[in-house]
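Everything on this sheet refers to the single structure shown next.
The values are calculated or read from the model by the stated rules, or taken from the named source; none is laboratory data. Remember, predicted model here, so these are calculated numbers, not experimental data. Virtual Cβ from ideal backbone geometry, glycine too; neighbours counted across all protein chains shown.
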Amino acid sequence: MEKIRAGVIGATGMVGQRFLTLLENHPYFEVTVLAASKRSAGKTYEEAVDGRWKLAAPMPEYAKGMIMYDAAEVETVSSMCDFVFCAVDLNKEETKKLEEIYAKAETPVVSNNSANRWTEDVPMVVPELNSKHLEIIESQRKRLGTKCGFIAVKPNCSIQSYVPALTPLLDLGIDKVFVCTYQAISGAGKTFKEFPEMVDNVIPYIGGEEEKSEQEPLKIWGEIKDGKIEKYSGTDISAQCIRVPVTDGHLAAVFVKFKGEKPTKEEILKRWNEFPAVDLPSAPKKFLNYFEEDNRPQTKIDRELEHGMAISLGRLRDDMIFDYKFIGLSHNTLRGAAGGAVLIAELLAKQGYITKK
Ligand code: NAP
């Protein structure tokens, strides 16, 4: 198969760097254009990143000499690729505008940004959970007046530690969920060097994160009605999100109350164990992985499970106030950011939404 040409907008940032490493030798995609701000335009990728490479893995050789473009040069960038990944540090309005201009230029956008997550006809997808939402793309194309262009987004990184575990239980009638997330500093796009106040510290506030953690699951569980994705209304979620001094990995302590009689622990474990994986190049072979040990999953030990794309669960037990409590863990810049977006793009390519122009 001839590879589909991918552009990366925000290629110099932390998520952009992950995109470039994940797309090296990708079976479906080939990176053909890199863009970021005006500041980077005209430089080689290596020059533009200069001292800002944040990953443990080295900068991919193929990217080093590529010339950077200004993301605002939409026509030029669009002419060099079939679709783009987008992860930019712009405000919500500017991001929304930029993504829509690319979509209208018939260049599909797979986005890491939050700006379009609540646009009613933009699918917010975790391929294992709600691939059906891709059907909304036809309505979106009508609104945008495009033949091929559209926007698809990835949900916030925090929710990937608990929504995958709750989804297989949803039809049992989940009444209430309380979740406390313990989130890595890379979620702020930072390393310890750039975030020294996090050393030996916990910060009990991440701007906007609690609202996203409470609301985004309801869109993932929603249904398409009249060209819009209608939020699921059967469950209330309350979240506290806390920044902790770890490099990567978001851990969640989750409490669940069911509406009727509570299911047995065996029933929950069976549903987790049997929850299907998807057949895509970046997908984990096993999506939900339950650890029997009392001290697992641990952020440092388990975040890389299946290349950081699997979800780790543990400590499922009865709770005195809620019915059950458990722990979830996911890698925030792999499953929760660039890896999750690459997985969406693979699904879009497999289903024919992204093609060669
Ligand atoms: P980052 O490291 O600060 O990188 C920001 C990127 O945006 C850089 O490539 C930068 O290019 C580019 N940029 C800045 N101003 C621009 C402009 N005017 N036009 C075009 N590009 C511009 O940020 P990040 O952590 O990668 O996050 C990027 C996005 O992904 C954010 O929306 C963030 O909320 C989201 N996200 C991050 C994570 C995570 O774990 N880090 C997880 C999920 C979602 P220059 O180098 O040229 O300035």
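For the stretch 148-161, check the following and say yes or no: at least one residue is hydroxyl-bearing (S, T, Y), surrounded by fewer than 24 Cβ atoms within 10 Å (Cβ to Cβ), closer than 30 Å to G260 by Cα and touching a residue at least 60 places away in the same chain (Cβ under 8 Å).
no
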Conditions: (1) within 11 Å of the ligand (Cβ to nearest atom); (2) more than 22 Å from the chain's Cα centre (by Cα); (3) in a loop (DSSP other than H, G, I, E, B). E2 meets all but one. Number of the miss?
-> (1)
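The rows are residues; the columns are (1) modelled with pLDDT under 95; (2) within 9 Å of the ligand (Cβ to nearest atom); (3) within 22 Å of the chain's Cα centre (by Cα).
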{"position": "Q17", "(1), (2), (3)": "no, yes, yes"}
{"position": "E30", "(1), (2), (3)": "no, no, yes"}
{"position": "R39", "(1), (2), (3)": "no, yes, no"}
{"position": "Y62", "(1), (2), (3)": "no, no, no"}
{"position": "Y102", "(1), (2), (3)": "no, no, yes"}
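What number of residues within the stretch 9-37 are in contact with a Cys (Cβ under 8 Å, 6 or more places away or on another chain) and over 11 Å from A63 (Cα atoms)? Steps first, answer last, please.
The first filter runs over the stretch 9-37 and keeps only residues in contact with a Cys (Cβ under 8 Å, 6 or more places away or on another chain), leaving 9-10, 32-33.
When the remaining residues are screened for being over 11 Å from A63 (Cα atoms), the result is 9-10.
Qualifying residue count for the region: 2.
Matching residues to (1) closer than 19 Å to M309 by Cβ; (2) part of a strand (DSSP E or B):
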position: V15; (1), (2): yes, no
position: R18; (1), (2): yes, no
position: T21; (1), (2): yes, no
position: P27; (1), (2): yes, no
position: E30; (1), (2): no, yes
position: V33; (1), (2): no, yes
position: G51; (1), (2): no, no
position: A56; (1), (2): yes, no
The stretch 16-51, residues that are among the basic types (K, R) and either over 21 Å from H331 (Cβ atoms) or not assigned by TED's automatic domain parsing to the domain that holds V109 (or both) = K38, R39, K43
Residue count for the stretch 215-231, restricted to those that are of a type in the set (F, W, Y) and without any contact (Cβ under 8 Å) to a residue 40 or more places away in the chain | 0
Which of the strands (runs of 3 or more DSSP E) contained wholly in the stretch 209-300 include at least 3 residues that are more than 19 Å from L334 (Cα to Cα)?
-> 223-225, 228-230, 236-243, 250-258
The residue that is surrounded by the fewest Cβ atoms within 10 Å (Cβ to Cβ), considering only those in the stretch 316-350 that are closer than 17 Å to G149 by Cα and more than 16 Å from the ligand (Cβ to nearest atom), is K350
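Would you call G51 modelled with pLDDT under 95 and more than 8 Å from the ligand (Cβ to nearest atom)?
Working: modelled with pLDDT under 95: yes; more than 8 Å from the ligand (Cβ to nearest atom): yes.
Taking the combined requirement at face value, the residue satisfies it.
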If only one of T167, T191, T181 is assigned by TED's automatic domain parsing to the domain that holds K262, touching a Lys or Arg at 6+ places or on another chain (Cβ under 6 Å) and within 25 Å of G308 (Cα to Cα), which one is it?
-> T191
Restricting the stretch 64-86 to residues that are under 19 Å from V342 (Cβ atoms) and aromatic (F, W, Y), the one nearest to the ligand (Cβ to nearest atom) turns out to be F85
Run down G328, G352, G340, G314 and say which single residue is modelled with pLDDT of 95 or more and part of a helix (DSSP H, G or I).
-> G340
